[in-house]
Amino acid sequence: MIIDFHIHTFPEKIAARVVEKLGKQSHTKYFTDGSGKQLIESAKRAGITYSVNLPVMTRVDQVEKVNTSLIQTREELFNQGIITFGGIHPDYENYRAELKRLKDNGFKGIKLHPAYQELDLDDIRYLRIIDCASEMGFITLIHAGIDIGYPGHNYASVKQVLSVISQVHPEKFVLAHMGGWGDWENVEEYLAGAPVWLDTAFSIGPVTPGDTTDGQPYLSYNLTDEAFVRLVRKHGADRVLFGTDSPWEDQSDYLKRIRKMELTEEEKRKILSDNGGKRLGQ
């Protein structure tokens, strides 16, 4: 069993349009059209058993509508190999009731994206949500570090992550992008070994450039293989989760990158399968 703990899909009608817009904004290539159909095909080619879908609520009015749609399709998605999380916006006032609704409908976790939601991670609005989610036993997965499409401000820095940990002590806290994309020195020095899980999404190997016709450069802050292995071992392979960030990485290619790393077979098994299975109860 292989679990991709970090993918994104969008509603069929708007998927291609959303992915094209985000690809242009970040100057990166996309490898599917963002639809569930193409994700399922991608996972099958890669030999991935389950992919964890992470919805991002960029507006308050999306919260109930998107979560309701995910509730209605959750079982169908699961049967197709997609485990979907729910989402919350930090300005959504009834977050406790919405989290309970997700819990009552069998959801395992939620996704928060400080850059897309334009709010620093250690803001009280996030602290309340993360605390409540932890209380309910949810996995809380956040975008950590710089976002390639919003490079001007780091909304989820290592310092902010450590502040959340010290104030809230979330039990199931997952930091995407190996704990802080583009902030690797601080991740390795201050965050490695902390009581959190790191996912590998969009963190290793070169960034594949997309449309750069606007003359703007694309960012390529990904870890080298050597730096990745060093960080895995300093943090502990027991707390690293395989994730690709599809459609922004090709699942088959990303899986090959992990498999060729100078990691032991036991370390690879933990990252690709065991750790995710334990978190999700699979």
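Computed quantities for the displayed model
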read-out: Counted residues, the range 130-168 - those being among the β-branched types (V, I, T), within 23 Å of V63 (Cβ to Cβ) and either in contact with a strand residue (DSSP E or B) (Cβ under 8 Å, 6 or more places away or on another chain) or buried (at least 23 other Cβ atoms within 10 Å of the Cβ) (or both); value: 5
read-out: Selection from the range 241-282 of residues that are within 25 Å of K29 (Cβ to Cβ) and of a type in the set (A, V, I, L, M, F, W, C); value: L241, F242, W248, L255, I258, M261, I271, L272
read-out: Test: V18 is touching a His at 6+ places or on another chain (Cβ under 6 Å) and either among the aromatic types (F, W, Y) or under 30 Å from P151 (Cβ atoms) (or both); value: no
read-out: Where a residue in the range 148-160 is within 16 Å of S26 (Cα to Cα) and its partner, wherever it lies, is crowded, with 22+ Cβ neighbours inside 10 Å and acidic (D, E), with Cβ under 7 Å and at least six apart; value: N154/D183
read-out: Residue ID - nearest to the chain's Cα centre (by Cα), chosen from residues in the range 113-129 that are closer than 15 Å to V56 by Cα and either part of a helix (DSSP H, G or I) or not hydrophobic (A, V, I, L, M, F, W, C) (or both); value: H113
read-out: Tabulated pairs, the range 24-53, first over 30 Å from P151 (Cα atoms), second assigned to a loop (DSSP other than H, G, I, E, B) and hydrophobic (A, V, I, L, M, F, W, C), C-beta under 6 angstrom, 6+ apart or interchain; value: I48/I2; T49/M1; T49/I2
read-out: Of all residues making up the range 119-128, the number that are surrounded by 24 or more Cβ atoms within 10 Å (Cβ to Cβ) and among the hydrophobic types (A, V, I, L, M, F, W, C); value: 1
read-out: Criterion (at pLDDT below 95, among the hydrophobic types (A, V, I, L, M, F, W, C) and closer than 21 Å to A144 by Cβ) met by exactly one of V240, V207, V232; value: V207
read-out: Filter pass, I110 being under 29 Å from S42 (Cα atoms), more than 19 Å from the chain's Cα centre (by Cα) and in contact (Cβ under 8 Å) with a residue 24 or more places away in the chain; value: no
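The rows are residues; the columns are (1) within 19 Å of the chain's Cα centre (by Cα); (2) on the phi > 0 side of the Ramachandran plot.
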position: Y95; (1), (2): no, no
position: K100; (1), (2): no, no
position: N105; (1), (2): no, no
position: P151; (1), (2): yes, no
position: I165; (1), (2): yes, no
position: H177; (1), (2): yes, yes
position: D183; (1), (2): yes, no
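Residues checked against (1) more than 26 Å from I71 (Cα to Cα); (2) touching a Leu at 6+ places or on another chain (Cβ under 8 Å); (3) modelled with pLDDT of 95 or more:
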site	(1), (2), (3)
E98	no, no, yes
D123	yes, no, yes
L127	no, no, yes
D131	no, no, yes
I146	yes, yes, no
Y150	yes, no, no
Y155	yes, yes, yes
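This table checks each residue for (1) surrounded by 15 or more Cβ atoms within 10 Å (Cβ to Cβ); (2) hydrophobic (A, V, I, L, M, F, W, C); (3) in a helix (DSSP H, G or I).
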position: Y221; (1), (2), (3): yes, no, no
position: S252; (1), (2), (3): yes, no, yes
position: L263; (1), (2), (3): yes, yes, no
position: K270; (1), (2), (3): yes, no, yes
position: R279; (1), (2), (3): yes, no, yes
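Rundown of residues vs (1) of a type in the set (S, T, N, Q); (2) at pLDDT below 95; (3) farther than 24 Å from Q282 by Cβ; (4) touching a Ser or Thr at 6+ places or on another chain (Cβ under 8 Å), yes/no style:
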{"site": "I2", "(1), (2), (3), (4)": "no, no, no, yes"}
{"site": "H8", "(1), (2), (3), (4)": "no, no, no, yes"}
{"site": "S26", "(1), (2), (3), (4)": "yes, yes, yes, no"}
{"site": "F31", "(1), (2), (3), (4)": "no, yes, yes, yes"}
{"site": "Q62", "(1), (2), (3), (4)": "yes, no, yes, no"}
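The values are calculated or read from the model by the stated rules, or taken from the named source; none is laboratory data. Because the structure is predicted, anything quoted here is derived from the model rather than measured. Every residue, glycine among them, receives a Cβ derived from its backbone with ideal geometry; neighbour counts consider all protein chains shown.
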